[in-house]
Amino acid sequence: MRILFWYCDRMAWTPTSKTLPDVADGTAGEVKNAIAAYIHLQPSDEERAGKMETKLVKNIKWLAGKWDTKLIVLHSFAHLAEDKADAGFTQGLLSRARTRLEDAGYEVIETPFGHFNDLELSAPGHPLARIYKEF
């Protein structure tokens with residue numbers, strides 16, 4: 001798993017095209033003062049799904065605490081490595097992470113899965129506004 005975390009003063013997305021033919025049409029969205037997790041899962045992550053999910057959730061909670069926000073954006077971002085996990089596995093892990101975060105009191109939004117999106121991002125120039133993790 002590879003994750004690029006952003007603290008966003010503002011993040012907006014507009015779906016432009018589907019990358020997976022069987023996904024529902026996506027809708028545009030915008031958030032302010034949120035943690036955005038750009039998540040890339042690899043085939044080897046499927047063997048350690050529970051561990052990957054837990055690490056993702058713990059890292060999001062830690063960073064959200066540093067920025068005093070309860071708003072989280074989960075964004076499937078299959079551009080951090082050449083190998084990609086199965087789309088169904090990725091979607092399932094994101095869904096489970098979302099549930100765990102919501103159960104802990106966070107508001108969680110997922111960008112449209114299986115779409116290319118126009119993205120707008122505004123982030124402060126602070127060391128904790130951009131963090132890369134690899135598990």
Percentage relative contact order, the chain, counting C-alpha pairs under 8 Å, at least six apart: 43 percent
Cβ-based exposure ranking for ARG2, ARG130, in which fewest neighbours within 10 Å come first: ARG130, ARG2
Only Lys, Arg (+1) and Asp, Glu (-1) charged, at Cβ; the chain dipole about Cα centre in debye: 560 debye
Segment 96-125 versus segment 1-20: alpha-carbon centroid distance in Å: 8 Å
Taking THR16, THR90 and counting other C-beta atoms within 10 Å, the order from fewest to most: THR16, THR90
DSSP beta bridges in the chain [antiparallel fraction, %, rounded to 5]: 75 percent
Dipole of the chain, positive end: most advanced residue of THR19, GLY114, SER76 [Cβ charges, Cα centre]: SER76
Gyration tensor (alpha-carbon) shape descriptor, segment 12-88, a/c threshold 1.5: oblate
Under 5 Å, built H, 5+ apart or other chain: amide partners of ARG130: TYR7
Karplus (6.51, -1.76, 1.60) ³J(HN,Hα), θ = phi - 60°, over segment 92-105, in Hz, Gly and Pro reported as x: x, 5, 5, 5, 5, 4, 4, 4, 4, 5, 5, 5, 8, x
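Any read-out appearing in this document is the output of simple, stated calculations on the displayed coordinates, not a laboratory observation. The structure presented is a predicted model; accordingly, all values stated were derived computationally and were not measured. Neighbour counts run over all protein chains shown; Cβ positions are idealised from the backbone, glycine included.
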